[in-house]
Amino acid sequence: MKKTVGVIFGGRTTEHDVSIITAHIPIIQALEASGQFDPWPIYITKSGLWYCDQAMNKLEFFKNPDYPAVLAKQKPVQLSLGDGLTLSWPGLRSKSLKLDVVFPSMHGTYGEDGTLMGLLRLAGVPYVGCDLESSAIAMDKVLTKQVTEPLGIPSVPYVWFTASDWPTQRADILARITKRLQYPLFVKPVHLGSSIAITKVGSPKELENAIEVALHYDDKVIVEQSVEDLIEVTLPIMGNDELTLALVEQPVAKFFDFEEKYLKGGGKKSSGANSEYSHLPAQISDKLTARVNELGRAAYRSIGASGTARLDFLIDSKTNQVYLNEINTLPGSLYHHNWQAAGISGVDLVTKLVALAEERFRDTEAKTYTFNSEILKVVGGPKLG
Amino acid sequence: MNAWLSRYRPRYLRSLTYMLQATEYDIGDYVEWYGRTRDFSRVEQRKSLVKTPKALVVLALAWVIELGLLALAVGLVWTDNVPFCRVLALAVVIVAPFATGYLLVVPLLVVRFLIQQPLEWLITRKSRKILMQHPGLKIAVAGSFGKTSMREILRIVLAEGKRVAAPPHSYNTPLGISRFIRGLSGEEEVLIFELGEYYPGDVRKLCQLVNPQVGIITGVNEAHLGKFKSLDRTAATIFELADWIGGGPIYVNGESDLARKSARPGHLIYDRDGAGDWQVKNASTGLEGTKFTLTHGKEHLSISSHLLGLHQIGPLAAAAAVASSLGLTDRQIEAGLNAVTPFEHRMQPRTDSTGVTTLDDSYNGNPDGARAVISFLGEIQDHRRFYVTPGLVEMGKRSAQVHREIGRELARAGIERVVLIRDSATPFIAEALEAAHFKGEIMWYDDGPAAFAALPHLTVAGDVVLLQNDWPDQYS
């Protein structure tokens, strides 16, 4: 009997389309290839409607520019929470399907920030990848630094502020940046992934415009000091308690931007994330590789990650200092090209991730969350609590 | 029900036309396919209809027949609207698609006997005349398998010292060869022909056209057994080449049991140990190619071939022997043998950006070829090996035996993963694997496209994937 796996993707996020790619390459394709799973694509439109139709298991469905119109003719799927997660299709030929596992594939807002994980936790269904807390921490680049730095994981110098701070404290913020950081700088929205709205700033006159761009996408902005003699590397990790590390990978471009990652795939249309933009493994010394692996494990554990995550590091090639840049709890296309080079096929990857989800779910279920109390009997009395 | 209704879809007639095209308008194959097929909605799986003028005419004929039958039904009601006529008209409507499926072959048969065959006779007669006056040496290659590879090896090796011409692709029918003959300049010194065989007498007919002076028989096995009915008939048909040449030089592949047993005194046997005076020593093979030393008297030729597998050594040695007999120098022979590269879809290696090596052997659909490549896979160390196959076609009554043997060979070679396409042949492979306590994994897919889509997600850097044979749609 094949396990039913709901793959949730799309959503109200700037990374909507990337999410569709990750859902298919490799998740749905590998689930199908395994022969062990029955994947059910659960697509959330940009306006927030949920649809589920196995015709969407093919990426070609979304290559049709009229796919929103095709979906509009269908009835959205309904969710029942409680004893797991059940999908229901209303109408004369109504039917329902209980999912054994959910595989979130929603990048960015609502998906990668812990929102979806909260829903799935409430539903009581095993789900793949990081949980609510670690997702929320990793989604916030400032919070990530605030959690990891005290544990000895270095970060580059930075300043952060919110959208509400900016109009009222603009001069103070600019002064703080000038005082603490040296140009060039990177200005980033705190919560967005896939390198969207990140600007490299070489002088003060470019700074305010870059901040305005970042604030257009997010209500919290981080300004970081650039590492100029930079080697940028990234490390996918998988596991709950026992961790498996993929290869340390080095992008060829100066920094990962959206286009580099997803669009410059050349003729390799089916590979999902661009697999030609990096050195795999990274062209760094064994000592640096070991340092990245060590910090990767520490950072992964520090935020309580589980399932999988990708950790990005900045290396100053002059000093060999390694800094944690950010943690991505849903790597684009699961970085399956890296896992494949490390000896783990797409099928092995998704199979292992599903097993990790079930393992964590069993552990969670074994915990006690409720107890019998007498509190209701005494409520209304003279003193409560 | 859906399968039954598939005959009433507009695409049905296109599917019939496609299948006639896929079977090369072989009425027997088409009728056999039509009688076997239940669901016509999934006919064009691997390829689709190529809109050639011939195909468009056939499609138009199909519509004429179908619409004619429907018009007949309307006419029945129109002329006499009594219950009997209405029932009869309904019956015609229901039967129309079935009748069209069979009636379509009638005009094709008429065209074949009244136009095509006389035309072919005229064309081949003219070609035979051209060839009779051509001064070049004619070499013919016949066999159940390995013909195209042998032809290409000869073409490349002999070209080191002679002006050589050979038909392109798999032109091995009278019309295909005639087309090639019309393009000859007359200055070629050697002509190499591949003789195709489907029915008894085919090789003899081609010999009448080509009039070969040198023959090479690459092997006899179960290929097209469905048409030949018995291996004896297959062997007799292929050895029609030897009959034609008589006392001239005939090279026979000794690694094919049936060919070796059919060889006659005076025939030159070639195999991985050599051919005639040419002896093979120190042979080794791997993903990088095949190396061996070819000795001839006191001469030692160092061969580093790009072809994969020890079974390739025999044809290379045979080419050396033929080249030597035509006066090529040892250095020319060595250069020629080293210049041979894998042929399209025949043990053709390709390593992609993910580090996975695919060996495309999709044009190899015969038991000897399968045995040879499994043996080659068995030689490869330190790689995870995948063997992907839908099985072999046209094995007739020997299908179970042939596929069980493939299963046993795979188990012996210790292949890590066997990927099987669900059809009538592959269960025998799985059965033999299980009986042999196969330690690897068997993976099943419903069709070829599903298996090919899955492979990138099953493999990792360093894996070797062998694609063995491809089932055309008419066998699905």
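For region A:3-128, state the semi-axes of the equivalent ellipsoid (square roots of 5 times the eigenvalues of the alpha-carbon gyration tensor), sorted largest first and rounded to whole angstrom. Walk me through the intermediate numbers first.
Values: eigenvalues 72, 60, 51 Å².
In descending order, the three semi-axes are 19, 17, 16 Å.
To the nearest 20 debye, what charge dipole does chain B have about its Cα centre, counting +1 at the Cβ of each Lys and Arg and -1 at the Cβ of each Asp and Glu? Spell out each step's value before the answer.
Details: 51 positive and 50 negative charges, 236 e Å.
The dipole magnitude comes to about 1140 debye.
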For region B:20-66, would you read off the P(r) tail past 17 Å as a percentage of all alpha carbon pairs? 42 percent
Could you work out the equivalent-ellipsoid semi-axes for region A:73-196, taking the square root of 5 times each eigenvalue of the Cα gyration tensor, largest first, in whole Å? 41, 17, 11
Along the dipole axis of the protein assembly as shown (charges at Cβ: +1 for Lys and Arg, -1 for Asp and Glu; origin at the Cα centre), the most positive-end residue among A:Gly124, B:Gly369, B:Ser353 is B:Gly369
Taking the dipole of region B:161-274 about the Cα centre (Lys, Arg +1; Asp, Glu -1; charges at Cβ), the one of B:Leu175, B:Leu258, B:Tyr270 that reaches farthest to the positive side is B:Leu175
Name the residue, out of A:Asp131, A:Asp83, A:Asp17, whose mean-square fluctuation peaks in a Gaussian network model built on chain A with Cα pairs under 10 Å. A:Asp83
Principal-axis tilt of helix B:83-103 within chain B, Cα atoms, nearest 10 degrees: 10 degrees
Binned Cα-Cα distances of region B:198-326, short to long, each 10 Å bin given as a whole percent: 13, 38, 32, 16, 1
For labels at B:Trp4 and B:Arg128 in the simple 7 Å Cα→Cβ model, what's the distance in nm? 5.3 nm
³J(HN,Hα), Karplus 6.51/-1.76/1.60, whole Hz, each residue of region B:275-285, x for Gly, Pro: 8, x, 7, 8, 10, 9, 9, 6, 7, 8, 9
Rounded to a whole number, the Stokes-Einstein D of the protein assembly as shown in µm²/s (Kirkwood radius over Cα pairs; 37 °C; 0.692 mPa s) is 102 µm²/s
Give, as a single signed number, the net charge of other residues whose beta carbon lies under 14 Å from the beta carbon of A:Arg360, with Lys and Arg counted +1 and Asp and Glu -1. -4
For the protein assembly as shown, give the magnitude of the charge dipole about the Cα centre (Cβ charges: +1 Lys/Arg, -1 Asp/Glu; no others), in debye to the nearest 20. 2020 debye
Sequence-distant residues sharing a close amide H with A:Thr4 (under 5 Å, placed H): A:Asp38, A:Asp100, A:Val101
Which whole-number percentage describes the relative contact order of chain B, with Cα contacts under 8 Å and a sequence gap of 6 or more? 12 percent
Can you give the % of DSSP beta bridges in the protein assembly as shown that are antiparallel, to the nearest 5? 60 percent
With a ≥ b ≥ c from the Cα gyration tensor eigenvalues, square-rooted, and the rule rounded for a/c under 1.5, otherwise prolate when a/b > b/c and oblate otherwise, region B:335-476 is rounded
Residue-wise HN-Hα coupling along region A:341-355, computed from phi with Karplus coefficients 6.51, -1.76, 1.60 (Hz; x: Gly, Pro): 5, 7, x, 10, 6, x, 5, 4, 5, 5, 5, 5, 5, 5, 5
Mean separation of Cα contacts under 8 Å (at least 6 apart) over the residue count of region B:134-339, i.e. the relative contact order in percent, is 21 percent
Ranked highest first by the average count of other Cβ atoms within 10 Å around their residues, in what order do B:108-116, B:430-438 fall? B:430-438, B:108-116
Measure nothing fancy, just the Cα-based angle from helix B:147-158's long axis to the longest principal axis of chain B, in degrees from 0 to 90, nearest 10. 40 degrees
Long-range amide H partners of A:His279, meaning residues 5 or more apart or on another chain whose placed amide H is closer than 5 Å, are A:Gln250, A:Val252
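What is the mean number of Cβ atoms from other protein chains located within 10 Å of the Cβ atom of each residue in peptide A:32-39, rounded to a whole number? Let's see the in-between values first.
On the way: counts 5, 10, 4, 5, 0, 0, 0, 0.
Mean partner shielding for this stretch: 3.
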Work from the charge dipole of region B:2-103 (Cβ charges, +1 for Lys and Arg, -1 for Asp and Glu, about the Cα centre) and give the residue of B:Thr37, B:Val95, B:Gly75 farthest towards its positive end. B:Thr37
Identify which of A:Lys318, A:Lys220, A:Lys188 has the largest mean-square fluctuation in a Gaussian network model of chain A, with springs joining Cα atoms closer than 10 Å. A:Lys318
From Cα pairs below 8 angstrom and at least 6 apart in sequence, can you work out the relative contact order of chain A, rounded to a whole percent? 17 percent
So which GluC sites (Glu not before Pro) in region B:158-197 pass both tests, a DSSP loop state and at most 11 other Cβ atoms within 10 Å of the Cβ? B:Glu187
Whole-Hz Karplus ³J(HN,Hα) for region B:128-142, in order, using 6.51 cos²θ - 1.76 cosθ + 1.60 and θ = phi - 60°, x for Gly and Pro? 4, 4, 4, 5, 4, 8, 6, x, x, 6, 9, 10, 10, 10, 10
Rg(Cα)/(2.2 N^0.38 Å) for region B:2-103, N = residue count: 1.17
For helix B:53-79, what angle does its Cα long axis make with the longest principal axis of chain B, in degrees from 0 to 90 and rounded to 10? 20 degrees
Amide H neighbours of A:Thr14 at under 5 Å, excluding residues fewer than 5 places away on the same chain, with H built from the backbone geometry, are A:Thr109
Given charges of +1 on the Cβ of Lys and Arg and -1 on the Cβ of Asp and Glu, with all other atoms neutral, how large is the dipole of chain A about its Cα centre, in debye to the nearest 20? 640 debye
Count charges around B:Gly146 for me, please; just the other residues with Cβ under 11 Å from its Cβ, Lys/Arg as +1, Asp/Glu as -1. -1
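Could you work out the per residue convex hull volume over the alpha carbons of chain A, in cubic angstrom?
Considering the Cα atoms of chain A, their hull volume per residue is 193 Å³.
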Using a Gaussian network for chain A with springs between C-alpha atoms less than 10 Å apart, which of these wobbles most: A:Glu326, A:Glu232, A:Glu60? A:Glu60
Considering the alpha-carbon set of chain B alone, what are its Rg and its Dmax in angstrom? 25.2, 95
Give me the net charge for the shell around A:Gln74: Cβ to Cβ below 14 angstrom, other residues only, Lys and Arg +1, Asp and Glu -1. +2
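Going by average Cβ density within 10 Å per residue, which order do the peptides A:327-338, A:295-306, B:27-38 take, highest to lowest?
In decreasing order of mean packing, A:327-338, A:295-306, B:27-38 become A:327-338, A:295-306, B:27-38.
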Too-long pairs where the Cα-Cα distance tops 30 Å, listed order kept, from A:Lys75/A:Lys98; A:Lys2/A:Lys58; B:Lys162/B:Lys281; B:Lys47/B:Lys229; B:Lys229/B:Lys291; B:Lys129/B:Lys261: B:Lys229/B:Lys291; B:Lys129/B:Lys261
Evaluated over region A:157-225, the Cα radius of gyration and Dmax, each in Å: 10.6, 30
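Each reported figure results from applying straightforward, stated rules to the coordinates on display, with no laboratory input. Predicted model only: the values in this text are computed from it and were never measured. Ideal geometry is used to build each Cβ from the backbone, glycine not excepted, and the neighbour counts take in all protein chains shown.
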